[in-house]
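The structure appears below as structure tokens.
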Amino acid sequence: MRFAVHPLFHSFVLSALVATTAVAQSMPRAVAARGVQAAPITLRAARILDGSGHVLQNVDIVIENGRIARLTPSTGPLPPGAIDLRTRTVLPGLIDTHVHLGWYINDQGRLHATGDGDTPAVSSLNQAGNAWATLRAGFTTVQSVGEPENGPLRDAINRGVIPGPRVLTSLGSLNETTKGGSPDSLRASVRQFKSRGADLIKIFASKSIRDGGEATMTDEQLAAACSEAKSVGLRTLVHAHSAESVQRAARAGCTQVEHGVFADNATRALMVSRGTYFDPQCGLVFHNYLDNKPWFDGIGNYNAVGFASMEKALPLAESGIGLASRTANLKLVFGTDAVAGAHGRNAEELVCRVRKGGQSATDAIVSATSRAAESMALGNEIGRIAVGFAADIIATNGDPSVEIEATQRVSFVMRSGIVYRNDAAAQAHTRQTRK
Ligand SMILES: [Zn+2]
């Protein structure tokens, strides 16, 4: 969502972070930093959703150096040191293409904003906590389209300093007034983000849903920003609610449109013909605001009018998922727009997409695995259980292709070959030590 008051975040004090769980404590930090594990790991699975819509049965996944080295039929006794996941369903780590890891609720029970008294250390710890909550929930890659401070977070996770998902970040955003808003100045701003190390460019091309969502950027402005990004090798994610604003982004050749609550059939058809990825939200972001008004009320456009607009948008958002999922060849991807209070609850959006929007469970899972990976230009790296792919692997209690709620029961999380969560093993360990 676009927010009127941009909370400003402070620089990081990452060394203060102490991981508190048994699994994280035992994480081989130096090993994680190099992305190399000491010995191969075998995961034995009875049922695998491979991320492309297919099911594999009775397979051993052999992981070497953080990657899937072999998939072999399971035979004989469990290999020594293997992790037995046969009572669970195994799938690729989930991918959320739109989160805001810097947003958190402060200890006064309010959305963190500049001037609330939080020190840089407090903000850093909260952001790190959001990253850990997201990873624990089975989301092994996210796109955080937020603040400059997402950069140090991304880098600390990559170095193995703290546990978290793989983070891609825009480090900030552009809108119709950036540097004066001329096409040349927008191009300059894109190049500046590139030089600072942004993984993608975030663009606001319409007003917030709380302010009606109408188009704010012209065709010319969008064409300048999105073509410049393409020429420097970056993708563009465009916040757009009204049909007109979505159409302008699609015509400008931008990579992906976010939200699109007011997209109509003609708009969806245009996105198909332009090959635009589409990431509408079903419910989590709206419910998180509406169910927790005291956290946000009175900050910027979080007021009675804003909350009423979101309430009104809910049924439209839910039916929009159904319309998008039934539009042939529309590249529908998964993104929650998780803000303060929603980190770690990302799978609620999958449940909404299936139960309220009518998307098939299998397609919802593909949209959050292989198709999300493609949208990030990581289609050969993550999002599938296949040889050569990064070993980003999770397991759920129950089969989410049958019952999507199983995505809320993640009990095993591996990223790049490192196990960050294995509830069953932790329980077995507790039983043993109690003897
Ligand atoms: Zn957002």
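The values are calculated or read from the model by the stated rules, or taken from the named source; none is laboratory data. These figures come from a predicted structure and were not determined experimentally. Ideal geometry is used to build each Cβ from the backbone, glycine not excepted, and the neighbour counts take in all protein chains shown.
Here are some notes:
- Pair list, Cβ under 6 Å, 6 or more apart: region 284-308 residue farther than 24 Å from Val354 by Cα, other residue in a strand (DSSP E or B) and more than 16 Å from the ligand (Cβ to nearest atom): Trp295/Ile105
- Count of region 210-233 residues which are without any contact (Cβ under 8 Å) to a residue 24 or more places away in the chain and in contact with a His (Cβ under 9 Å, 6 or more places away or on another chain): 0
- Output for region 67-91, where each listed residue is in contact with a Leu (Cβ under 8 Å, 6 or more places away or on another chain) and part of a strand (DSSP E or B): Leu71, Ile83, Asp84, Thr89, Val90, Leu91
- Only residues that are within 16 Å of the ligand (Cβ to nearest atom) and within 13 Å of Leu174 (Cβ to Cβ) were counted across region 218-239, and they come to 4.
- Qualifying residue in region 378-385 (condition: in contact with a Ser or Thr (Cβ under 6 Å, 6 or more places away or on another chain), at positive phi and crowded, with 16+ Cβ neighbours inside 10 Å): yes
- If you go through region 213-224 and pick out every residue that is surrounded by fewer than 19 Cβ atoms within 10 Å (Cβ to Cβ) and assigned to a loop (DSSP other than H, G, I, E, B), you end up with 2.
- Identity of the residue in region 139-161, more than 16 Å from the ligand (Cβ to nearest atom) and either in the same structural domain as Arg88 (by TED's automatic domain parsing) or crowded, with 24+ Cβ neighbours inside 10 Å (or both), that ends up nearest to Ala377 (Cα to Cα): Thr141
- Filter result for Arg136 (away from the ligand (no atom under 16 Å from the Cβ), within 20 Å of the chain's Cα centre (by Cα), in contact (Cβ under 8 Å) with a residue 24 or more places away in the chain and in the same structural domain as Glu258 (by TED's automatic domain parsing)): yes
- Breaking point among (1) in a helix (DSSP H, G or I); (2) under 16 Å from Gly320 (Cβ atoms), for Ser227: (2)
- The set of residues from region 245-259 being in a helix (DSSP H, G or I) and either over 17 Å from Ser273 (Cβ atoms) or not assigned by TED's automatic domain parsing to the domain that holds Asn303 (or both) comprises just one member, Ser245.
- Qualifying residue in region 272-279 (condition: surrounded by fewer than 23 Cβ atoms within 10 Å (Cβ to Cβ), of a type in the set (S, T, N, Q) and under 30 Å from Asp107 (Cα atoms)): no
- Within region 90-131, being over 13 Å from the mean Cα position of the chain (by Cα) and of a type in the set (A, V, I, L, M, F, W, C) holds for Val90, Leu91, Trp103, Ile105, Leu111, Ala113, Ala121, Val122, Leu125, Ala128.
- Enumeration of residues in region 245-259 that are touching a residue at least 40 places away in the same chain (Cβ under 8 Å), farther than 22 Å from Ala347 by Cβ and either within 14 Å of the ligand (Cβ to nearest atom) or charged (D, E, K, R) (or both): Arg248
- Hits in region 64-110 - residues which are among the hydroxyl-bearing types (Ser, Thr, Tyr) and crowded, with 17+ Cβ neighbours inside 10 Å: Ser74, Thr89, Thr97, Tyr104
- The residue list Gly93, Gly115, Gly109 contains one member that is away from the ligand (no atom under 16 Å from the Cβ) and without any contact (Cβ under 8 Å) to a residue 12 or more places away in the chain, which is Gly115.
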